[in-house]
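Report on the structure given below.
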Amino acid sequence: MPDLPIYDSLTFDRLRKANVERAPHFTNAKGDLANCESWSLNDWFAALIGEVGEAANISKKIKRGDFSLAEVRDHFANELADVQIYLDLLAAKAGIDLGEATVKKFNKVSELQNINVMLSGAPSWLCHEEDWLGDDSVDINNYLKDYAEPSPHQIHASGGISSPSTYIVVGYIDMASGKWSHRIFTDQVEADAFSAQRQELEDKEESNGHL
């Protein structure tokens, strides 16, 4: 088999596509097809837990001194990779877009914790009119700086086929750094309230000659 390129960043979409394509061809220890298409949600969950257990077993043995992490790092990485692969297969069985779910959950927790760290530059579902921001090389803050109106500015983003929801991206200039930043909302009222708050802060700074 020829050497395949190692990609710098694996996307959820690419993993899902490859997982779904490969799963029907899996064989068991006897060489017979494993018939993965007929596996239930519980079957995939049991398979995932088995992979988590294998990774946990390595961690246990590191703890008790059987070997160091450095000695088994590659083996440990393989087991963690199995966990990731089986987690995606479980999500596929449940009809869940794991990438989209991860972005939503991460950003929701960041909002609840009032932490301005978001998985937003660029989730695959985020678009502005005809311009897709789904490319991993696109930074939404740079997009806002180049194309948005004066701060604060709202961009309405649609979810696309797999995510029909509407997202409101509020771009604004962070007064501490002087750079564009943003928050993502799913509720227009909350987005408007945040925009008004940012506008009030910026008006105050401008009146004081700081902007």
Original post:
If we keep just the residues of the stretch 193-211 that are of a type outside the set (A, V, I, L, M) and in contact (Cβ under 8 Å) with a residue 12 or more places away in the chain, which is farthest from Asn114 (Cα to Cα)?
Top reply: His210
**OP:** Tell me, please, whether a residue that is modelled with pLDDT of 60 or more, part of a loop (DSSP other than H, G, I, E, B) and touching a Ser or Thr at 6+ places or on another chain (Cβ under 6 Å) can be found in the stretch 162-184.
**Re:** yes
Subject >> Single residue of the stretch 40-81 satisfying the filter (touching a Lys or Arg at 6+ places or on another chain (Cβ under 7 Å) and under 29 Å from Lys93 (Cβ atoms)) that is surrounded by the most Cβ atoms within 10 Å (Cβ to Cβ) >> reply: Trp44
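The values are calculated or read from the model by the stated rules, or taken from the named source; none is laboratory data. Since the structure is predicted, the reported quantities are computational estimates derived from the model, not experimental observations. Cβ coordinates were reconstructed from backbone atoms using ideal geometry, including for glycine residues, and neighbour counts include every protein chain displayed.
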